[in-house]
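Trainee: Quick one: structure below, then a few questions.
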Amino acid sequence: MKVLIIGGYGTFGFGIAERLSGEAELELILAGRNFEKAKAACSKLSGAATFTPLKLDRNNIDLDFKPNLIVDASGPFQTYSVFNLVEYCIEHGIHYADLSDNSEETKFAKWRYGEAKHNPSETVCLVFGLSTCPVLSAIGLREIETHIGPAAHVTIGIAPSPRADLGRNVIAAALNYAGQKKVGILEDGEVKTVAGLTQTRRETICVPGGVPLPQLPFAVADAADALVLTDNFPSLKNIWTGAGTRPIWLHRILVFMSRAIADGVLPKLSPFTGLFYRAKNLFRFGSHRGGMFVRASNEAGDASWHLVAEGDHGPRIPTLPVVALIRKMLRGETPAPGAYSGDELISLADLAPEFAQLDISYGLQYDGADLAVYEAVMGEAYAKLSPAIQDLHRTGKGRAFAGKCSVTRGRNPLSHIVAAIIGFPKSGENIPVTVTVTPEGSGEMWTRNFGGQTFQSHHSLGTGQWARHVTERFGPMAVHMAILEDNGKLRINTRGWSIFGLPLPKFLKPGGDVFETIDDEGRFTFHVDLTAPLFGRLCKYVGWLAPAEIDPKSE
């Protein structure tokens, strides 16, 4: 099977070829206006596939061979039309796919070659917008609708890693619509055009049972979602898609400038593509993680689907729908002739094998459900915990537990002072312990009694920058924790802390090895080894608990 990739040496085109390099039945033709770059890209690839460079101007295409599929991965799609290439494919009986993020062109192309039957073909499949949006947007929506039913409102956001090497064409596309009234959203059932990057919404991306990304502002961006998703999700009344780039200060500057452009104060930013491209690649700070969220709601409730990619795996995501389509074609599953938007052809089942080969995780959060604190923060990952752990955290109107534990205090005199202030128990073995959990305010009060020595802490869902964390409060001090699922265990990762609401230095934050699991008898066990910089170990307590017939109000 011959696949011609236009822009084959670019970020996305090369990524497609790299993912498919192991397919022996493929000849991948990497094409572009610079033959030397195409040749160099081919030389970097190895595997069972065949790689061929080709000099090609997409605006004046005239091939002396017939590929089975042409993939347009060049961009920026906001600055040119795909129609001459599509017409060429129809005329010569070649299947076509693109990664277009131009919302209007994706919608119009689907209509032009689909419903309108203009210059129709009875032999080829034409796929438009085969990229993150709308493909993953639709996947997230389908997952959410299995939980809440048909969605009425959806917000979608993409957050690339701050260290990702974004292609120049990606930057050029964003600057082309920044401040320009070119971005489509769906509002009260009507498609409206707004100025790009001028509206913002905040969200914390967190795959269930994983470490959240920082809470980010997302600015409205050009994507096909608002124009094509209603074809298959007719209940949608509002669709909004945004991008959340880092560093946040640079993102805020871009939003400010976009608003000034919309007000006629500043000129278009597209002439400054090179400057912004260099700036984005200069300030590559922060954790090397990117992600996406899809949040949807209806009268029955709301939920959200999250995806996180670690390291350099994030920039590969836009290529995966094309990769999945080509693998389907190799299996003899070429879609029926016609015009499609990418969301109609690629499902989660198609992409799951691609995700599994990369460091990419995803899952569903039950945002609108009435759940106890830990079940609410963990979403569908909660079901992966051992049954005894699940039972303990489903506290209802109040629960009590009893068991035994051992306690070890730290040796640093300063740690004894801190432990005494908080109320941690003294060292000992085989100490009887009871724990009661009772609803209080917006969270739960945990009262621990170690052989007559009691201390309390309040657990609640984090807010603001600590959304999708659990906040544990010891009097005026608050510790913000990511709640992780680790092969059936519940593991706690301290992410920040504060006192009287004032953030404290992260390099001094308390932490340690804290997890919950089960023992050989299936009982709930806890392992809490709390440490802090300068102080060392504060307190370690390890033991087991079982449900007890104790009135929670008696503690």
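The values are calculated or read from the model by the stated rules, or taken from the named source; none is laboratory data. No experiment lies behind these values; they were computed from the predicted model shown. Glycine also receives a Cβ, built like all others from the backbone with ideal geometry; neighbour counts cover every protein chain displayed. Heavy atoms of the whole protein, side chains included, go into the accessibility calculation; ligands, DNA and RNA do not. Shrake-Rupley method; radii C 1.70, N 1.55, O 1.52, S 1.80 Å.
Trainee: Here are 385, 330: which of them is touching a residue at least 40 places away in the same chain (Cβ under 8 Å), within 30 Å of residue 67 (Cα to Cα) and not acidic (Asp, Glu)? Give the derivation first.
Mentor: On the way: 385 fails: within 30 Å of residue 67 (Cα to Cα).
Step by step, each of 385, 330 is checked, and only 330 is touching a residue at least 40 places away in the same chain (Cβ under 8 Å), within 30 Å of residue 67 (Cα to Cα) and not acidic (Asp, Glu).
Trainee: Of the numbered conditions (1) over 23 Å from residue 239 (Cα atoms); (2) open to solvent by less than 10 Å² (accessible area, probe 1.4 Å); (3) modelled with pLDDT under 95, residue 309 fails exactly one; give the number of that condition.
Mentor: Of the numbered conditions (1) over 23 Å from residue 239 (Cα atoms); (2) open to solvent by less than 10 Å² (accessible area, probe 1.4 Å); (3) modelled with pLDDT under 95, the odd one out for residue 309 is (3).
Trainee: Return yes or no: is residue 458 free of Cβ contacts under 8 Å to residues at least 60 places away in the same chain, under 24 Å from residue 547 (Cα atoms) and in contact with a Gly (Cβ under 7 Å, 6 or more places away or on another chain)? Break it down stepwise before answering.
Mentor: On the way: free of Cβ contacts under 8 Å to residues at least 60 places away in the same chain: yes; under 24 Å from residue 547 (Cα atoms): yes; in contact with a Gly (Cβ under 7 Å, 6 or more places away or on another chain): yes.
In short, yes.
Trainee: Then there's this: From the residues in segment 20-65 that are touching a Ser or Thr at 6+ places or on another chain (Cβ under 7 Å) and of a type in the set (D, E, K, R), which one is nearest to residue 317 (Cα to Cα)?
Mentor: 27
Trainee: A further question follows. If you take the residues in segment 333-358 that are in contact (Cβ under 8 Å) with a residue 12 or more places away in the chain and among the acidic types (Asp, Glu), which one is most open to solvent (accessible area, probe 1.4 Å)?
Mentor: Selected residue: 344.
Trainee: Return yes or no: is residue 162 open to solvent by 20 Å² or more (accessible area, probe 1.4 Å) and at pLDDT below 95?
Mentor: So residue 162 fails the test.
Trainee: Can we say residue 208 is touching a helix residue (DSSP H, G or I) at 6+ places or on another chain (Cβ under 8 Å), surrounded by fewer than 22 Cβ atoms within 10 Å (Cβ to Cβ) and not in a strand (DSSP E or B)?
Mentor: Values: touching a helix residue (DSSP H, G or I) at 6+ places or on another chain (Cβ under 8 Å): yes; surrounded by fewer than 22 Cβ atoms within 10 Å (Cβ to Cβ): no; not in a strand (DSSP E or B): yes.
It is false that residue 208 is touching a helix residue (DSSP H, G or I) at 6+ places or on another chain (Cβ under 8 Å), surrounded by fewer than 22 Cβ atoms within 10 Å (Cβ to Cβ) and not in a strand (DSSP E or B).
Trainee: Here's another thing I want to ask about it. Could you list, in sequence order, the residues of segment 422-440 that are closer than 15 Å to residue 473 by Cα and in a loop (DSSP other than H, G, I, E, B)? Outline the logic, then answer.
Mentor: Going through segment 422-440, the residues closer than 15 Å to residue 473 by Cα turn out to be 422-424, 437-440.
Hits for segment 422-440 are 423, 424.
Trainee: Go through (1) of a type in the set (A, V, I, L, M, F, W, C); (2) surrounded by 15 or more Cβ atoms within 10 Å (Cβ to Cβ); (3) closer than 18 Å to residue 169 by Cα one by one and return the number of the condition residue 239 breaks.
Mentor: (3)
Trainee: Which number in (1) farther than 15 Å from residue 338 by Cα; (2) at pLDDT 90 or above; (3) touching a Phe, Trp or Tyr at 6+ places or on another chain (Cβ under 7 Å) marks the one condition that residue 101 misses?
Mentor: Answer for residue 101: the failing condition is (2).
Trainee: Please find, within segment 118-159, the residue that is nearest to residue 200 (Cα to Cα) out of those that are β-branched (Val, Ile, Thr) and open to solvent by 30 Å² or more (accessible area, probe 1.4 Å).
Mentor: Filtering segment 118-159 for residues β-branched (Val, Ile, Thr) gives 123-124, 127, 132, 135, 139, 144, 146, 148, 154-156, 158.
Still in the running and open to solvent by 30 Å² or more (accessible area, probe 1.4 Å): 123, 146, 158.
Working: 123: 43, 146: 28, 158: 13 Å.
In this case the residue turns out to be 158.
Trainee: Here is a further query. For segment 258-265, state whether one or more residues are open to solvent by 30 Å² or more (accessible area, probe 1.4 Å), in contact with a Leu (Cβ under 7 Å, 6 or more places away or on another chain) and closer than 15 Å to residue 171 by Cα. Outline the logic, then answer.
Mentor: Step one: list which residues in segment 258-265 are open to solvent by 30 Å² or more (accessible area, probe 1.4 Å), which gives 259, 262-265.
Restricting the remaining residues to those that are in contact with a Leu (Cβ under 7 Å, 6 or more places away or on another chain) gives none.
No, segment 258-265 has no match at all.
Trainee: Of all residues in segment 1-36 being in a strand (DSSP E or B) and in contact (Cβ under 8 Å) with a residue 40 or more places away in the chain, which is surrounded by the most Cβ atoms within 10 Å (Cβ to Cβ)?
Mentor: Within segment 1-36, the first condition is being in a strand (DSSP E or B), and the residues that meet it are 2-6, 27-32.
If we keep only those that are in contact (Cβ under 8 Å) with a residue 40 or more places away in the chain too, we end up with 2-6, 32.
Working: 2: 16, 3: 26, 4: 25, 5: 32, 6: 24, 32: 24.
The qualifying residue surrounded by the most Cβ atoms within 10 Å (Cβ to Cβ) is 5.
Trainee: Working carefully through the options 110, 66, 44, find the one that is farther than 30 Å from residue 230 by Cβ and in contact (Cβ under 8 Å) with a residue 60 or more places away in the chain. Spell out the reasoning first.
Mentor: Values: 110 fails: farther than 30 Å from residue 230 by Cβ; 44 fails: in contact (Cβ under 8 Å) with a residue 60 or more places away in the chain.
Going through 110, 66, 44 in turn, just one is farther than 30 Å from residue 230 by Cβ and in contact (Cβ under 8 Å) with a residue 60 or more places away in the chain: 66.
Trainee: Ok, one more. Could you name every one of the strands (runs of 3 or more DSSP E) located completely within segment 441-507 that has at least 3 residues being open to solvent by 30 Å² or more (accessible area, probe 1.4 Å)? Before you say what the answer is, go through the steps one by one.
Mentor: On the way: elements: 443-450, 453-461, 470-474, 477-486, 489-499.
By residue number, 453-461, 477-486, 489-499.
Trainee: Quick one: how many residues across segment 388-421 are touching a residue at least 12 places away in the same chain (Cβ under 8 Å) and either in a helix (DSSP H, G or I) or surrounded by fewer than 18 Cβ atoms within 10 Å (Cβ to Cβ) (or both)?
Mentor: Here is the first cut: in segment 388-421, the residues touching a residue at least 12 places away in the same chain (Cβ under 8 Å) are 388-412, 414-415, 418-419.
Next cut, either in a helix (DSSP H, G or I) or surrounded by fewer than 18 Cβ atoms within 10 Å (Cβ to Cβ) (or both) only: 388-394, 396-398, 402, 404, 406, 408, 411-412, 414-415, 418-419.
The number of residues fulfilling the criteria is 20.
Trainee: While we're looking at this one, here's another question. Being more than 30 Å from residue 177 (Cα to Cα) and open to solvent by less than 30 Å² (accessible area, probe 1.4 Å) is the filter here; which residues of segment 42-58 pass it?
Mentor: Once the filter is applied, which keeps residues that are more than 30 Å from residue 177 (Cα to Cα) and open to solvent by less than 30 Å² (accessible area, probe 1.4 Å), segment 42-58 yields 42, 45, 49.
Trainee: Are any residues in segment 59-103 in contact with a Lys or Arg (Cβ under 8 Å, 6 or more places away or on another chain), buried (at least 17 other Cβ atoms within 10 Å of the Cβ) and farther than 14 Å from residue 3 by Cβ, and if so, which ones?
Mentor: 74, 78, 85
Trainee: Could you list, in sequence order, the residues of segment 310-358 that are of a type in the set (Asp, Glu), over 17 Å from the mean Cα position of the chain (by Cα) and within 19 Å of residue 140 (Cα to Cα)? If you could, list the steps in order and put the result at the bottom.
Mentor: Kept after step one, since they are of a type in the set (Asp, Glu), are these residues of segment 310-358: 310, 312, 333, 343-344, 350, 354.
When the remaining residues are screened for being over 17 Å from the mean Cα position of the chain (by Cα), the result is 333, 343-344, 350.
343, 344, 350, listed by residue number.
Trainee: Okay, next question. Assess whether residue 122 counts as being over 23 Å from residue 347 (Cα atoms), out of contact with any helix residue (DSSP H, G or I) (no Cβ under 7 Å at 6 or more places or on another chain) and modelled with pLDDT of 85 or more.
Mentor: No.
Trainee: Provide a single number: the residues in segment 57-90 that are touching a Leu at 6+ places or on another chain (Cβ under 9 Å), in a loop (DSSP other than H, G, I, E, B) and of a type in the set (A, V, I, L, M).
Mentor: The total comes to 3.
Trainee: Sticking with this structure for a sec: Among the residues of segment 67-80, is there at least one that is out of contact with any strand residue (DSSP E or B) (no Cβ under 8 Å at 6 or more places or on another chain) and hydroxyl-bearing (Ser, Thr, Tyr)? Talk me through it step by step, then tell me what you get.
Mentor: If we filter segment 67-80 for residues that are out of contact with any strand residue (DSSP E or B) (no Cβ under 8 Å at 6 or more places or on another chain), which is where we start, we get 75-76, 79-80.
Narrowing the set further to residues that are hydroxyl-bearing (Ser, Thr, Tyr) leaves 79-80.
Checking segment 67-80: at least one residue is out of contact with any strand residue (DSSP E or B) (no Cβ under 8 Å at 6 or more places or on another chain) and hydroxyl-bearing (Ser, Thr, Tyr).
Trainee: For segment 229-263, give me each residue that is in contact (Cβ under 8 Å) with a residue 60 or more places away in the chain, within 16 Å of residue 296 (Cβ to Cβ) and either in a helix (DSSP H, G or I) or within 23 Å of the chain's Cα centre (by Cα) (or both).
Mentor: 229, 232, 233, 236, 238, 239, 240, 241, 242 - these are the residues of segment 229-263 that are in contact (Cβ under 8 Å) with a residue 60 or more places away in the chain, within 16 Å of residue 296 (Cβ to Cβ) and either in a helix (DSSP H, G or I) or within 23 Å of the chain's Cα centre (by Cα) (or both).
Trainee: Still on this structure, please answer the following. Which one of these does residue 467 not meet: (1) within 26 Å of residue 434 (Cβ to Cβ); (2) in contact (Cβ under 8 Å) with a residue 12 or more places away in the chain; (3) not β-branched (Val, Ile, Thr)?
Mentor: Only one criterion is unmet by residue 467, namely (1).
Trainee: Can you work out which of the residues in segment 359-384 that are charged (D, E, K, R), over 17 Å from the mean Cα position of the chain (by Cα) and open to solvent by 50 Å² or more (accessible area, probe 1.4 Å) is farthest from residue 211 (Cα to Cα)?
Mentor: Step one: of segment 359-384, the residues charged (D, E, K, R) are 359, 367, 370, 375, 380, 384.
Still in the list and also over 17 Å from the mean Cα position of the chain (by Cα): 370, 375, 384.
This time we only want the ones that are open to solvent by 50 Å² or more (accessible area, probe 1.4 Å), so: 370, 384.
Numbers: 370: 22, 384: 16 Å.
Only one residue tops the list, namely 370.
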